[in-house]
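Nothing in this text is a laboratory measurement; each read-out follows from the coordinates by a stated rule. Worth saying up front: this structure is predicted, and the values here are computed from it rather than measured. A quick note on method: Cβ atoms are made from the backbone with ideal geometry, for glycine too, and the neighbour counts reach across all protein chains shown.
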Amino acid sequence: MSDMVVKILIVDDSRTDRLIINNMLTEFLVLQAENGLEAMRIIDENLDIDLIILDLNMPIMNGFQVLETLRGDPKYEKMRVIILTNFDEIENEIRGLEMGAVDYIRKPVNMKSLRIRIDIHLKLKSIQKKIEQDNVLLDAMVAAKTKELVITRDITIHALVGLLEVRNFESFNHTMRTQLMMNRLCRHLQTKDQFRDIMTDYYVSMLTTTAPLHDIGKVGIPDQILLKPGKLTVEEFTIMKKHVDFGVIALQSELVPNEIVPDFIKTAIEIVQNHHERFDGLGYPRGIKGKDIPLPGRLMAIIDVFDALISRRVYKLAFGYEESLEIIKTANGTQFDPEIVQAFLEISEEIRQISKQYLQ
């Protein structure tokens, strides 16, 4: 994170675990606490802590109590927390993420995985700091900084998507295909009278750039569900559906309080929050219907489903291209917006070429 000293706090009642993690982070200033009470004392003395690695199960003051304290005070809001959980603590993982943690890792700790996640979150924090610094000078440097801010935005998006790709390597080609499909579909909609006014080049750029973030919330879904080689149970699917809320929370956490929300964040949130809604109102998480579903969600819905159909996943074989198109047609007016289905079918050959180029 530039030339500034990076502070990391390890909070764990296991001295062995603290030492192992500490030895992996020799280039950082590492602080240690053996319980939540000691951690809060250190935090209050070091409000510039960048990252907290927090065990949930501790005596005196546990990890959940620490998260609750951090969540309740603005002076802690820039501290990122990675929680440590035991292998079978799925509910604790979800609860920790809902309380503000940005990631989790299970014990016994895989040091390589932990290091990757630490580096990604420090990179995100560095980018966030850079954006805040740029905003101070923005009035005087708008023209000179525009290109730099675009690059920063793209790096932020790639870093966020990188969190998911670390978990699920199938996501890379899916990201590439859906981004290209979004761009091509939007360009085609620019030729339609009913979309011409809204589909400006700027808006198309926002939709294309943020499309890869549609499933970013899956970083909060446990591996045994995300990577399960079979049909999910009702309980597992309920957890899987939470990836929508996790994604929205992740994007909102990057916002600077009391500042104008950037257009790309607004567009990304609309994509993430609405890409599993259905035109007939039977989708999730809100069950909204028809044109009440924001356009980014209606666009992402058909792209995401089509790409899922043509792709081999751990839980299914790929459907054929023509068979996948037929499935899309049968969902016209129920799952998908009829106007978007028509436009999608009109460029089906171009979609086929994108699929072939980046299919696993």
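Mean separation of Cα pairs under 8 Å and 6+ residues apart, divided by the residue count of region 218-360: what relative contact order is that in percent?
So the answer I get is 19 percent.
Report the charge-dipole magnitude of the chain in Debye, nearest 20, computed about the Cα centre from +1 at each Lys and Arg Cβ and -1 at each Asp and Glu Cβ.
Dipole of the chain, to the nearest 20 debye: 700 debye.
Step through the table entries LYS78/LYS130; LYS231/LYS356; LYS112/LYS231; LYS7/LYS123, compare each Cα-Cα distance with 20 Å, and write down the pairs that go over it.
Flagged as over cut-off: LYS231/LYS356; LYS112/LYS231.
If R₀ is 35 angstrom, what is the calculated FRET efficiency for the pair LYS356 and SER113, using the beta carbon separation as r and rounding to 0.05?
The value I calculate is 0.60.
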